[in-house]
Amino acid sequence: MTIGLTGAYDALAVEAPDIVYLNRCAGGCQVQGGPDDAVNGKSSLISGSHTAAAFPYADSVFDETAACVRTTLAPYNVQVRITGPGAVPRREIMLTTVPATVGLSAGSAEAAPFDGSPRENAIAFVFATSIGPNVENLCWITAEAIGNLYALDFVTSCLDIMSWTPGCGVKSFTNQDAPCSGAFGTPGQCFLGNTTQNSAAMLGVTPGPTDIVFENGLDAFQTPRDGPSPAPPG
């Protein structure tokens, strides 16, 4: 019996990958306040009911952003999707316009629930109008929101995706002990009290490293492209 390459390599996967759903909110995303529940459109970050506006830029900008995010997460056991996964738990990123569209205060490029623990079925928001149509910056901030959902804190090392500092070259989840910025609490400390964070090592535990050599193409954006290399805003 001959086994096709796809079947052979699919068999190598030990665990099903986590789903990260990049939702462009075409026609608007219905979301309401409540305990985090991406399947049912609930977010602990907001109050009341809102319709998150659609991603404000061209299809090509969204597709290139999604391709960049997928490349950035390629080392990890994550499946990045741009089509709805159905009623299954996922980390969902709603790429919308501005914070006011979901009832949040102005001034943020992204918002994600964070308590130092990974969130398995939660929504984060990326405010594309606040960022602009630059694919690298959209990719960077989207990956950062995903990092928050995997319990990654903010750090000061410029090359790490979890740093807010722009203009330092290609960002990644770096394999180094980077000082925490204290954005969620005490300056110079991570939320859980440690002083440094190794983003790559943390993602190497949850979701873990990828174990798939070849993948079935589910979405057009799976063509590889470089990871985020943000320029200074403006």
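Here are a few things to note about the model shown:
- Each DSSP beta bridge with both residues in segment 14-152 is either parallel or antiparallel, and the antiparallel ones are about 30%.
- Considering only Ile141, Val155, Gly185, and ranking their Cα positions along the charge dipole of segment 112-188 that arises from unit charges at the beta-carbon of Lys, Arg, Asp and Glu, the one farthest toward the positive end is Ile141.
- Exposure proxy for Phe114, Phe55: other Cβ atoms within 10 Å of each Cβ, ordered fewest to most, give Phe114, Phe55.
- Magnitude of the charge dipole for segment 14-152, about its Cα centre and with charges confined to Cβ atoms of Lys, Arg (+1) and Asp, Glu (-1), is about 200 debye.
- Packing here is the average count of other Cβ atoms within 10 Å per residue, and on that basis the peptides 61-72, 136-147, highest first, run 136-147, 61-72.
- Local net charge near Thr195, Cβ-Cβ under 13 Å (Lys/Arg +1, Asp/Glu -1): -2
- For Thr174, net neighbour charge (Lys/Arg +1, Asp/Glu -1) across residues whose Cβ lies under 15 Å away: -3
- Pairwise Cα inverse-distance average, inverted: Kirkwood Rh of segment 47-103 (Å): 13.3 Å
- The overall shape of segment 70-226, judged from the alpha-carbon gyration tensor, is rounded, with an a/c ratio under 1.5.
- Scaling against 2.2 N^0.38 Å puts the C-alpha radius of gyration of segment 14-152 at 0.94.
Each reported figure results from applying straightforward, stated rules to the coordinates on display, with no laboratory input. Source: prediction; values computed, not measured. Here the Cβ is made from the backbone with ideal geometry for all residues, glycine too, and neighbour counts use every protein chain on show.
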